[in-house]
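Okay, so here's the structure we're looking at.
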Amino acid sequence: MSAQADAATARARGSAVGRFVFRETLPYLAAVLGALVVAGLLLILIGADPLAALGTIFSASLGSLGGLGQTLNRATPLILGALAVAFAARAGLLNVGVDGQIYLGAICATGVGLLLTRDTPALVAVPLVLAAGFVGGALAVLPAAALRAYWGVNEIFVTVMLNFIFQYLAEYLATGPWNDPRSGEAISRPISFAAQLPILSSGLGAHVGILIALVIGAILAWILRRTLLGYSIRAVGDNSTAARVGGMAVGRVMLVALVVSGAVAGLAGGIEISGYYQRLILGLSPGFGYMAILLAVLGRHRPLGVVLAGVAFAVLLVGSDSLQRSVRLPQSAVLVFQALILLAVLLATSLRANRRLTVAGTPGSTP
Amino acid sequence: MNAPTSTVQTDSARSATPAVVMRGISKSFGDVRALVDVDFELRHEEVHALAGENGAGKTTLMNVLAGLYQPDAGEIRVDGRPVRIGSPRAAIELGIGMVHQHFELVAPFTAYENIVLGAEGGGWRNGRSGRRAEIARLMEHYGLSVDLDAQIRDLPIGVQQKIEILKAVSRGARVLILDEPTTHLTLQEVDRLFETVRQLVAGGLTVVLITHKLREIRGIGDRVTVMRRGRVAATVEGAGLTEERLVGLLMGTDGAATARTNTPGEPSLTLEALRAAANERRQDAGESLLRLEGVSARGSVGDLVLADCSLDLRPGEIVGVAGVAGNGQRDLGDVIAGIQPIVTGRLFVGGRDLTDATVRDRLLAGIAYIPEDRLREGILPHLSLGETLVLGPHHALFGTSVVFDERRVDALARAVIAEYDVAAPDEHVPAARLSGGNIQKVLIARAMLVLQQARVGVLVAMNPTRGLDIGATRSVHRRFEGLRERGDAVLLVSEDLDELRRLSDHIVVMYRGRIVGTFQRPAFDPYQIGALMTGMATGTDGGPPNETGGGTGGAETTRPGRDSR
């Protein structure tokens, strides 16, 4: 037996790298390629040059410093939102309330930013505003987390409902008490200048939010992999019944996972305020919450994968936005294009998953 | 020497071509070679026992025949014709039907609806009622009588099994594969199943019985094929097959495998010695390790699933719990482990009142639990073997530390893989990839970790050897004996009466959530126990369930633990 096992292990090690590349990346590359081909055919149908369009996507999003900065700024809330979804998902929970958490995070950040005076040192003001976003996000998810942990109420319903509440709260504040009368628009007064997020480099035009997102990603990865909390979260997410038999406080673990998830999403709201808009605006989140769910799935709920997916999607968003201007594509075509790539990658993901099931599908095991 | 040969000749004269021939079948799952160049032959109208340890490839081979898996290599002939069996549907068209270990019946449907389900034909309405006569004929022909209008959920496992068999036969199965059919059956039900199998064969069917239980192999197989590690070790005639020969074939007579396993006679000698030692020790260890006082619990719909149960486990004692599945044993285990709340009554461990303690506190107090449903309650399917292993022991292992020390977990897992002979490529393999027997090894190792970390320990084991092969079962039994020697207590819930009689110091019998009888070693009369299990003896005694001995000679009327209080 042991000789056999040794041989198997040796075989596995020998080809591990090759197999990793084959199994992990090839299906995705094939999927993206397939989507590009279909998208290209669509572009030809509507009379555009597919190769030129493809070139535009990459040149607009990565080809210039300005474009790159825009991509990084766009990637920040996507990454943080997707990290939030992925973290909750590891505990077996679906946080559909990222939008609401972004809004309450932004509201709290704006509130603090409005209170701060101009001569507050930036070293105090920026962390305060970001912390407000963080706390706001946690507060936004708290009702859903508590209901889920102690009464078993499905978190999906509660987070969706809370989205409306915080979105309309933001609307009320931006049009009512915090409204900037000089603008004539539904936006709040600007936050203190001191609370503005520093710029990464002047040419790039990107704020340091992307760095914060990466650090958060690293911290979440560390929590999941190297802490007892992370072990509990993964155990509860994988099999909550077994976790309960193993003496884990399943409800409390779910509560913590959701609150951390909400806080990370709220931080995204804080960064949007402090780094980008400097005011509370309507339409602060153009559906980041739903994109975040897709990105979390694409990144297979692992922080590194989520970061990569977030950056790739930001490239696509920024690049295809410019398609409207340069290739004169209708916006709907751009959306179709984005959806195609997502569908293809999702397909590749589920095909992989199915194959794994077949491999593990001996009668004694279940998915 | 002439007699067996002549039997073979008459057999082959009766039907020249075998019903099924499989030649050179190979099948791999990733790196695991599940079947290696397997030859298998089924004659018409025989009962063919397919035996082997867990993971030997029995079920995989039959899944190939039933069209669930496609072989990587090899050919299959049915009645001499080469065939390709691409799907279960193709298999049934060739007359091959399989009854899986886990039944595939729709609980709220009637027996009849289940039998015709999926075979109603194309249209909206046809087929639903038109086949009663045909099915009644089949029932008569094969001696399979069931109430066609009863709902599945009201029927005992043994009857559900008959319905599965009827389902296969009604679709034209000529070759019937039964995968571990006796796993969930009581002794009496096994006898009835074997009767059924004989009638099926008399009616012209060929039956493959996948099993690893010695008694069943020898009891019913006309021929026996033994598999070992994906290969066929031998195909032998069932008549005159000795237990020693069979064990030798199953375990492999070559190399390391035999060095590790004791000869059949040896463990029982060790057992007696251990028992004597434990008995001596128990006389001065009067204190109880685990005590239940009048414990009751409610099920999910508020019904009383556990009524006034009292138990007393002293150090170095194994108490067996006998009962037909679903009579509260599972609730008893859940209540002790803390998964289900106690409604009335109290629970003490080593003198400490743990009635309302959390699962975590109970683990830290030394209550180890081997759950009934290994996949649902036991493992973390997608996490690593090591992470499944420390689920539970992690409370004591890491204490209040924030950091989850992966290296420590991995080292522990490597040690367990070596010590428990777990067939796993490494300690990172997802638990769901392990076979059932290997999962159980991990869960037992986990329970041992909990016990090692505590001052005193109580192991609650729910059917710990169900589905395990002989080697693994023996090693589990030896571990339990080791616990007894160490002074821990074991509550062994099992549907295998032989196992209970072999290991237990006392056996309590559960029926409808109550403890209806207690038997003291050595007076373990299987028929008296069986009568109590099926509720036949309770009425005659009339007394409070807790204190009846079921009117048996060896049973005592009251539990010593209750008197001492």
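The values are calculated or read from the model by the stated rules, or taken from the named source; none is laboratory data. Since we're looking at a predicted model, the values are computed, not measured. Here the Cβ is made from the backbone with ideal geometry for all residues, glycine too, and neighbour counts use every protein chain on show.
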Hey, could you check the stretch B:360-372 for residues that are closer than 11 Å to B:A461 by Cα and not hydrophobic (A, V, I, L, M, F, W, C) and say which is farthest from the other protein chains (Cβ to nearest Cβ)?
B:E372
Could you tell me whether the stretch A:230-243 includes any residue that is in contact with an Asp or Glu (Cβ under 6 Å, 6 or more places away or on another chain), surrounded by fewer than 22 Cβ atoms within 10 Å (Cβ to Cβ) and facing chain B (nearest Cβ under 10 Å)?
yes
When A:G283 is evaluated against the numbered criteria (1) without any contact (Cβ under 8 Å) to a residue 12 or more places away in the chain; (2) buried (at least 24 other Cβ atoms within 10 Å of the Cβ), which criterion, by number, is the only one it fails?
(2)
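In this structure, is B:A461 within 30 Å of B:E244 (Cβ to Cβ), part of a strand (DSSP E or B) and touching a residue at least 24 places away in the same chain (Cβ under 8 Å)?
In short, yes.
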Taking the stretch A:244-263 and keeping only residues that are crowded, with 21+ Cβ neighbours inside 10 Å, facing another protein chain (nearest Cβ under 7 Å) and assigned to a helix (DSSP H, G or I), one is left with A:V245
Working only within the stretch B:297-308, note down all residues that are in a strand (DSSP E or B), at negative phi and surrounded by fewer than 19 Cβ atoms within 10 Å (Cβ to Cβ).
B:R298, B:L304
The one condition in (1) outside any helix (DSSP H, G or I); (2) modelled with pLDDT of 90 or more; (3) of a type outside the set (V, I, T); (4) not assigned by TED's automatic domain parsing to the domain that holds B:V301 that B:F348 fails to fulfil
(4)
Can you name the residue in the stretch B:428-445 that is in contact with a strand residue (DSSP E or B) (Cβ under 7 Å, 6 or more places away or on another chain) and outside any loop (DSSP other than H, G, I, E, B) and is also nearest to the other protein chains (Cβ to nearest Cβ) among such residues?
B:P430
B:T540 being outside any helix (DSSP H, G or I) and either surrounded by fewer than 24 Cβ atoms within 10 Å (Cβ to Cβ) or at pLDDT 50 or above (or both):
no
Could you check the stretch B:381-427 for helices (runs of 4 or more DSSP H) lying wholly inside it with 1 or more residues that are more than 8 Å from every other protein chain (Cβ to nearest Cβ) and crowded, with 22+ Cβ neighbours inside 10 Å?
B:385-389, B:406-419
Single residue of the stretch B:179-208 satisfying the filter (of a type outside the set (D, E, K, R) and under 15 Å from the mean Cα position of the chain (by Cα)) that is surrounded by the fewest Cβ atoms within 10 Å (Cβ to Cβ):
B:T183
Residue hits (the stretch B:54-67; more than 9 Å from every other protein chain (Cβ to nearest Cβ) and not in a helix (DSSP H, G or I)) are B:A56, B:G57, B:A66, B:G67
Picking from B:R478, B:R484, B:R501, the residue that is surrounded by fewer than 22 Cβ atoms within 10 Å (Cβ to Cβ), touching a Lys or Arg at 6+ places or on another chain (Cβ under 9 Å) and in contact (Cβ under 8 Å) with a residue 24 or more places away in the chain would be B:R501
Over the stretch B:360-376, the set of residues surrounded by fewer than 22 Cβ atoms within 10 Å (Cβ to Cβ) and under 23 Å from A:R252 (Cβ atoms) is B:R360, B:D361, B:L364, B:A365, B:R376
If you scan the stretch B:503-529, which residues turn out to be in a helix (DSSP H, G or I) and modelled with pLDDT of 90 or more?
B:L503
